[in-house]
1. Give me the pairs: first residue in the stretch 37-49 and of a type outside the set (Val, Ile, Thr), second residue in a loop (DSSP other than H, G, I, E, B) and open to solvent by less than 70 Å² (accessible area, probe 1.4 Å), beta-carbon distance under 7 Å, and six or more apart or on different chains, which are they?
2. Within the stretch 9-39, can you find the residues that are of a type in the set (Gly, Ala, Ser), out of contact with any Lys or Arg (no Cβ under 9 Å at 6 or more places or on another chain) and either surrounded by fewer than 16 Cβ atoms within 10 Å (Cβ to Cβ) or under 20 Å from GLY59 (Cα atoms) (or both)?
3. Please specify each residue of the stretch 48-72 satisfying the condition of being buried (at least 18 other Cβ atoms within 10 Å of the Cβ), in contact with a Pro (Cβ under 9 Å, 6 or more places away or on another chain) and closer than 15 Å to ASP20 by Cβ.
4. Considering only the stretch 2-19, state which residues are modelled with pLDDT of 90 or more and assigned to a loop (DSSP other than H, G, I, E, B).
Amino acid sequence: MTAPRTYETQDRHLVLRGGDLDGRRWVGVIGVGHRVVVGPGPWQASHVYVVTDEQVPDGAGGFASVAVPASFA
């Protein structure tokens, strides 16, 4: 499998780095540079992450994009 083009909005596997949900994984339709609300329960600012162009192996022969906590400053 090849890495997806980073600018495409597509079904993407994410690895969350930092913040309240550090280390968790998420899958959804999202593009690099976009914000996404992840995690259980009601909406919280601490559950908003930004998808980066960094990709890491997902352990299943594919790739997962790294997402980091979004800034609201």
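The values are calculated or read from the model by the stated rules, or taken from the named source; none is laboratory data. Note that the structure is a prediction, hence the values are computed from the model and not measured. Cβ sites come from the backbone with ideal geometry, for glycine too, and all protein chains shown count toward neighbours. Protein only, heavy atoms only, side chains kept; ligands, DNA and RNA dropped before computing areas. Shrake-Rupley method; radii C 1.70, N 1.55, O 1.52, S 1.80 Å.
1. GLY39/LEU21; SER46/GLY19; HIS47/LEU21; HIS47/VAL38; HIS47/GLY39; TYR49/VAL38; TYR49/ALA70
2. Listed by number, the residues that qualify are GLY18, GLY33.
3. Passing the criteria: VAL48, TYR49.
4. Listed by number, the residues that qualify are ARG17, GLY18, GLY19.
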